[in-house]
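Notes to accompany the following structure.
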Amino acid sequence: MDLSTPLDLSTPLDPGGTETATEPALSRAELSLTVRTAVSDVLGTEVGDIDEATDLGNDFGIDSLELMDVGSRLENALRVKIPVSDLLEARTVGDAVDLLARRMGRAA
Amino acid sequence: MKGASPSGRVRVVVTGLGVKSPAGNDVEAAYARLLAAESTAVVAKHLVEAERDLAVEMACLVPEFEVEPYITRRERRQLDRAAELLLCAAVDAVSDAGELALVDLPSSRVGVQVGTGMGGLGTMEGTTFDYGAHPMTMPVHTVPRTMANSPACRVAMRYGFRGNCATYATACASGTTAIGEAARRIRYGELDAAVAGGVDAPVTTTIVGAFAKMRALSRRCDEPDRASRPFDTDRDGFVMGEGAAVLVLERRDLALARGARIYGEITGYAANCDAFHIAAPDPEAVTAAECMRLAVADAGLSPGDIGHISAHGTSTVLNDRAEATAVHRCFAGQSPPLTAVKGVSGHLIGGSGALEALLGLLCADRGVVPAVANTLGSPEADLVDVVIGSRRTIARGPVLSNSFGFGGQNACLVLTPPA
């Protein structure tokens, strides 16, 4: 109904919430692209405008709701719980990718 | 009081206009469409494609326009359609008034006053359809996107206007209420300037269905462009519309001092309530007539001074008949020429009062009363002077702009062109 919202990553891959472990592991590059896509969706940029050195606070003045939005999109896309502390701790996009990789139990 | 005229009254002028409406996305386009008396109603593709078996699938929609020049992609993600339309109309109005001059005023002396009947209801409807089964997957910005005061607060944020920012819900009278209350705040010395207007984006399946369910909407679905016909013998309900209209109001002495272009003056305002029925107007229309009388008196005028009336004129039998009765009472049988914008624009709910005040002031200034679109003959012709067939030329003079909303909400403005 809402015509103004572009498609986003927030469609859950597993809407029933029954976690399965059959997902193939994401490579570091894939994980990075997922994070950069979520960030660019929230900030209205192109994915190419976001790299791992991008500092969301200093470069974009991201606010706390936008940060939550990034986190929520990643939770939906990756089916992983992301604590608020992780969101606040990650200074750059690269930091966030590293943290996520650890949370997902895979070496970065 | 600061800024008061010799009569002791602080005068409030209109210095900027902006519209995003079915009649057009700039002021002159909307005015031209009104004068042409051509309806904008169409079959709404998104209502048809929803396949919800709606009894009514026509509406008056805002023509597509480029939003990017107004709103960044980043901000747009956080706005719903109502906030977007209102913000774009406000940007036009502020630019028209002179953005630099407005942001130069002390920020605490500039306010934002917006009326909306539905607020973010349509957006919450979409959210419910999309995420209702799994609420924790809904977008993080759902609350700020759907709260009723978002449109007003987005305007305040855009310009850093820190004066009173309020959102009014008086159903179909909301836009009129916002302009009247804004003018009062300037008169009372609370503000020096205000961005004031109304908006709604109610063309959704649930909202249209809800109005159709109460038989408020026209069923002339095979002829959408003939459906909205205020005061016409064959009217059968209103046509839902969407859109926003915004006026910049300023204390007259400050506007004159900065050499602002002045479209006219908000000279009178009144509001009251039928306290009769939650949707139907009181057919005796004593309270609505009193509202008109109070607005005219607030302007320091007599009914005979009113050059024309921009009626609420929804094209429902109940509204139009009660409004005609009220005009007949207020003007003691001497109705000035009366027109109704909704024949062209449909009913923008909270947006209508603002759009009609804006267009009414232009008509008052240009000495033209447009014919009511689609209306061929009126059973109320013995009560009011409905302008039918072709536009009427009149002497420049004040316009009475009426709005009546569900709940018995009555709100009337008097707008006077510059001398």
Can residue B:356 be described as modelled with pLDDT of 95 or more, touching a Phe, Trp or Tyr at 6+ places or on another chain (Cβ under 9 Å) and acidic (Asp, Glu)? no
Which one of these does residue B:194 not meet: (1) over 21 Å from the mean Cα position of the chain (by Cα); (2) assigned to a strand (DSSP E or B)? (1)
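Sort out which residues of region B:200-224 are under 30 Å from residue B:160 (Cα atoms) and more than 14 Å from chain A (Cβ to nearest Cβ), and write them in order of number.
In the first step, residues of region B:200-224 are kept if they are under 30 Å from residue B:160 (Cα atoms); the result is B:200-202.
Passing the criteria: only B:200.
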Total residues in region A:81-91, condition outside any helix (DSSP H, G or I) and within 14 Å of chain B (Cβ to nearest Cβ): 2
Residues of region A:71-89 being buried (at least 21 other Cβ atoms within 10 Å of the Cβ) and touching a residue at least 24 places away in the same chain (Cβ under 8 Å), which ones? A:72, A:73, A:74, A:76
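Condition check ((1) touching a residue at least 24 places away in the same chain (Cβ under 8 Å); (2) under 29 Å from residue A:65 (Cβ atoms)) across all residues:
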{"residue": "B:47", "(1), (2)": "yes, no"}
{"residue": "B:72", "(1), (2)": "no, yes"}
{"residue": "B:103", "(1), (2)": "yes, yes"}
{"residue": "B:106", "(1), (2)": "yes, no"}
{"residue": "B:111", "(1), (2)": "yes, yes"}
If you go through region B:245-285, how many residues are outside any loop (DSSP other than H, G, I, E, B) and small (Gly, Ala, Ser)? 7
Considering residues that are assigned to a helix (DSSP H, G or I) and either without any contact (Cβ under 8 Å) to a residue 60 or more places away in the chain or in contact with a helix residue (DSSP H, G or I) (Cβ under 7 Å, 6 or more places away or on another chain) (or both), the number found within region B:364-378 is 1
Restricting attention to region B:197-210, and to residues there that are hydrophobic (A, V, I, L, M, F, W, C) and either in contact with a helix residue (DSSP H, G or I) (Cβ under 9 Å, 6 or more places away or on another chain) or in a loop (DSSP other than H, G, I, E, B) (or both), which single residue is surrounded by the fewest Cβ atoms within 10 Å (Cβ to Cβ)? B:207
Consider residue B:146 carefully, then state whether it is more than 30 Å from residue A:74 (Cα to Cα), hydroxyl-bearing (Ser, Thr, Tyr) and under 21 Å from the mean Cα position of the chain (by Cα). no
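Going through region B:263-289 one residue at a time, which ones are in contact (Cβ under 8 Å) with a residue 60 or more places away in the chain and either more than 16 Å from residue B:357 (Cα to Cα) or surrounded by fewer than 16 Cβ atoms within 10 Å (Cβ to Cβ) (or both)? Explain how you work it out, then say what you get.
First, pick out the residues of region B:263-289 that are in contact (Cβ under 8 Å) with a residue 60 or more places away in the chain: B:263-279, B:281-282, B:287-288.
Answer for region B:263-289, where residues must be in contact (Cβ under 8 Å) with a residue 60 or more places away in the chain and either more than 16 Å from residue B:357 (Cα to Cα) or surrounded by fewer than 16 Cβ atoms within 10 Å (Cβ to Cβ) (or both): B:272, B:273, B:274, B:275, B:276, B:277, B:278, B:279, B:281, B:282, B:287, B:288.
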Does residue B:264 fit the bill of being in contact with a Ser or Thr (Cβ under 6 Å, 6 or more places away or on another chain) and of a type in the set (Gly, Ala, Ser)? yes
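Hey, can you tell me all the residues within region B:1-25 that are at pLDDT 95 or above, in a strand (DSSP E or B) and of a type in the set (Gly, Ala, Ser)? Full working, then the answer.
Quick first cut of region B:1-25, residues at pLDDT 95 or above only: B:10-25.
Keeping just the survivors that are in a strand (DSSP E or B) gives B:10, B:12-21, B:24.
Of everything in region B:1-25, those that are at pLDDT 95 or above, in a strand (DSSP E or B) and of a type in the set (Gly, Ala, Ser) turn out to be B:16, B:18, B:21, B:24.
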Would it be correct to say that residue B:232 is assigned by TED's automatic domain parsing to the domain that holds residue B:351 and under 20 Å from residue B:401 (Cα atoms)? no
(1) at pLDDT below 95; (2) within 14 Å of chain B (Cβ to nearest Cβ); (3) over 12 Å from the mean Cα position of the chain (by Cα); (4) assigned to a helix (DSSP H, G or I): which one isn't true of residue A:76, the others all being true? (3)
Could you please find all residues in region B:382-399 being touching a helix residue (DSSP H, G or I) at 6+ places or on another chain (Cβ under 9 Å), among the hydrophobic types (A, V, I, L, M, F, W, C) and in a loop (DSSP other than H, G, I, E, B)? B:383, B:384, B:394
Can residue B:132 be described as crowded, with 21+ Cβ neighbours inside 10 Å and either under 26 Å from residue A:70 (Cβ atoms) or within 14 Å of another protein chain (Cβ to nearest Cβ) (or both)? no
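So if I check each of B:381, B:419, which one is surrounded by fewer than 24 Cβ atoms within 10 Å (Cβ to Cβ) and at pLDDT below 95? Steps first, answer last, please.
Values: B:381 fails: at pLDDT below 95.
Residue meeting the stated conditions: B:419.
Quick one: in region A:50-70, which of the residues that are touching a residue at least 24 places away in the same chain (Cβ under 8 Å) and β-branched (Val, Ile, Thr) is surrounded by the most Cβ atoms within 10 Å (Cβ to Cβ)? Give the steps one after another, and end with the answer.
Narrowing region A:50-70 to residues touching a residue at least 24 places away in the same chain (Cβ under 8 Å): A:50-57, A:66, A:69-70.
Still in the running and β-branched (Val, Ile, Thr): A:50, A:54, A:70.
Working: A:50: 22, A:54: 19, A:70: 26.
My answer is A:70.
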Looking at region B:211-244, which of the residues that are outside any loop (DSSP other than H, G, I, E, B), at negative phi and in contact with a Ser or Thr (Cβ under 6 Å, 6 or more places away or on another chain) is surrounded by the fewest Cβ atoms within 10 Å (Cβ to Cβ)? B:225
Among the residues of region A:10-22, is there at least one that is within 14 Å of chain B (Cβ to nearest Cβ), modelled with pLDDT of 90 or more and under 13 Å from the mean Cα position of the chain (by Cα)? no
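The values are calculated or read from the model by the stated rules, or taken from the named source; none is laboratory data. Since the structure is predicted, the reported quantities are computational estimates derived from the model, not experimental observations. We place every Cβ from the backbone using ideal geometry, glycine too, and count neighbours over all the protein chains shown.
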